[in-house]
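Novice: Pasting a structure here, questions to come.
All of the numbers you see were taken from the coordinates with simple rules; none came from a lab. What you see is a predicted model, and the numbers here were worked out from it, not measured in a lab. Here the Cβ is made from the backbone with ideal geometry for all residues, glycine too, and neighbour counts use every protein chain on show.
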Amino acid sequence: RIEDGRLARAPADEDAPVGELHDRFGPHEPAVASRREGERAPAAVVAPDAVYDVEADVFSPNAAGGVLDDATLPRLRCRAVVGAANEQLAEPRHGDALHERRILYGPDYVVNAGGLLSLLYEQGQTDEAGVTRRVEQIGERVAGLWARARAEGMAPHRLADRMAEERLAAARTP
């Protein structure tokens, strides 16, 4: 389930494979972290260009931006795109295309607050507890965005942009 903001949940049988490991940049050890500390769970590795063709609940780009474009978007076989890579959409219209295909999209700046939180921590604007509290709110924030986008009939990336612009405008108003 992705509704609670977690990319993966423990399967009923904790020794069962949790999915496939895909990376555009080369081979990896065919395993992902297990739900039990210190253990590994099996996963499959596919060729870099095949990542878009894998049937999955979530496609999660986490290293490179611009990976969703005219060539890759039609190949996606997932229910959601949620990843930490910056600017995953080659163009905003690709987010519209995800919406038209009924694929949920979590905009990177909503999903990945790690860089900003690190900066706030380093500048002394928050402490470790503040970082933890904000990280724990990310899933709720993404779920709220998706619910509001659904209610307004709007693509999530368009709504997230509008919400960000509203917050910036409110911050500028004395």
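Novice: Can you give the percent of C-alpha pairs in region 60-145 whose distance is more than 20 Å?
Specialist: That tail contains 39 percent of the Cα-Cα pairs.
Novice: Which value, in debye to the nearest 20, gives the size of the charge dipole of region 109-172 about its Cα centre, when Lys and Arg are +1 and Asp and Glu are -1 at the Cβ?
Specialist: It comes to approximately 300 debye.
Novice: Please state the charge dipole magnitude for region 32-162, taken about the Cα centre, from unit charges on C-beta atoms (+1 on K and R, -1 on D and E), reported in debye and rounded to the nearest 20.
Specialist: Here region 32-162 has a charge dipole of around 440 debye.
Novice: Based on the Cβ-Cβ distance from R133 to A71, what FRET efficiency comes out when R0 is 30 Å, to the nearest 0.05?
Specialist: 0.15
Novice: Right, here's the next one. If we sort 113-124, 53-64 on the protection proxy, mean other Cβ atoms within 10 Å, highest first, what's the order?
Specialist: Packing order, densest peptide first, comes out as 53-64, 113-124.
Novice: A further question on this structure: What nm value, rounded to one decimal, do you get for the distance between A64 and E165 when each label is placed 7 Å out toward the C-beta?
Specialist: Here the answer is 3.1 nm between the modelled labels.
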